[in-house]
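Just below is one structure, and these are the notes that go with it.
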Amino acid sequence: MHLTNQDILLILKQDTSKAFRKIVSSYQKPIYHLVRRMVIDHEDANDITQDVFIKVWRKIDKFKGDSKIYTWIYRIAVNETLNFLNKKKRRATISIQQNDIEVSHKIDNPNLFNGDEIQKRLQKALLKLPNKQRLVFNMKYLEELTYEQIADITGTSKGALKASYHHAVKKIEKIITDSF
Amino acid sequence: MKRLLLIVFKPIYSLHVKEQELSMKNKFNISATDKSGDFLVSENYFDELSANILNKTIHKTSNSKINFPNYKIVAVAASILVIAGLISIKILIQDNNENKLSKIESYVLNQVDSDLIVEFIDENNMMNIIEIEDLDYIDESLLIDEL
């Protein structure tokens, strides 16, 4: 799935459009799922994913291979998602708690979520985490990225990430067991 | 950490056990590539997504690159046409003024005091009044009546 830096730089030299098409086909799914797990709503995830790739297209000539291609794209996706969530919170005329309840109801909607009861509970528990912590948990547990990769993407130290993940797991365990 | 989570989930799962045997990994691994647990999307969603992305990026840039020189050409051509039009109108007006006295459709000669006044209607149906000295500009063959 992941293109190497060498692959992408080689194609970029010859044809920017071709390189971009390869990037879109390789990364649209993981980026969409990364974003969707954070925002839950499909329409929001759809818009944000498109915005991510529009930004990738605008900056693609500046990509020199200093970081890995997927790190670069994931970083853009993380920033777009966190910006969206922060804006949403600022714009919300209802309380944050009510907002979380509304998003949680989307998980209950069988048209939006095809997971079983346990997965639903996990997703709802994740919603109770602060955004950045939830993002770290998703990337570590669900996307199975290494701490090093997550550190490259978020710009946070490995030690801080480990601590954040540890606390996230504890919280989720408590939330899920309390719900039964 | 995964083991801890599995310890939590295992007893919970047993409460919800279904007849089919599902592997622990498939049941609880909600990874991006695992279909069970992924958010629902339509079959052709990702085809549509990539089409939308390309329309807003590569295709948008290509289209604007094609349109831009055409826009310039159209603007220049339009300016030339306008200028040509204005010049033509000026020539016509000038022509008209110079020639109108030669194209008298009807005239009336009147004498007012000692001056000879000619009233005539030109090709544009406009009433013109000229003093006799201006008759030099009139083609005499067109005069019908005379004092």
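The numbers here are math on the coordinates, done by the rules we state, and not lab data. Owing to the predicted nature of the structure, the values given are computational and were not obtained by experimental measurement. Virtual Cβ from ideal backbone geometry, glycine too; neighbours counted across all protein chains shown.
Legend: mean number of C-beta atoms from other chains within 10 angstrom of residue C-beta atoms, peptide B:50-59, equals 6.
Across the residues of A:55-67, average count of Cβ atoms on other protein chains within 10 Å?
Values: counts 1, 2, 7, 2, 0, 1, 0, 0, 0, 0, 0, 0, 0.
So the per-residue partner count for this stretch is 1.
At full extension, A:Asp41 and A:Ser17 could sit 5.6 nm farther apart than now, given 0.36 nm per residue minus the alpha carbon distance.
With the highest mean first, a sort of the peptides A:68-80, A:167-179, B:77-89 on other beta-carbon atoms found within 10 angstrom per residue produces A:68-80, A:167-179, B:77-89. Summary of packing: across the peptides A:57-64, A:135-142, the per-residue average of other C-beta atoms within 10 Å ranks them, highest first, as A:135-142, A:57-64.
Within 10 Å of each Cβ of A:21-33, how many other protein chain Cβ atoms are there on average?
Numbers: counts 5, 0, 1, 8, 2, 0, 0, 6, 8, 3, 2, 7, 7.
Partner-chain Cβ atoms within 10 Å, mean over residues of A:21-33: 4.
Taking each of A:Lys89/A:Lys162; A:Lys170/B:Lys56; A:Lys62/A:Lys158; A:Lys64/A:Lys128; A:Lys59/A:Lys174; A:Lys22/A:Lys170 in turn, the alpha-carbon distance tops 32 angstrom for A:Lys170/B:Lys56; A:Lys64/A:Lys128; A:Lys59/A:Lys174; A:Lys22/A:Lys170.
At 0.36 nm per residue, and after removing the present C-alpha to C-alpha distance, how many nm does the segment from A:Leu82 to A:Ser25 gain when stretched out fully? Don't skip to the end; give the middle numbers.
Working: separation 57, 0.36 × 57 = 20.52 nm, distance 2.36 nm.
Separation in residues times 0.36 nm, less the Cα-Cα distance, equals 18.2 nm.
Between A:Asn131 and A:Ala163, the contour length at 0.36 nm per residue exceeds the Cα-Cα span by 10.0 nm.
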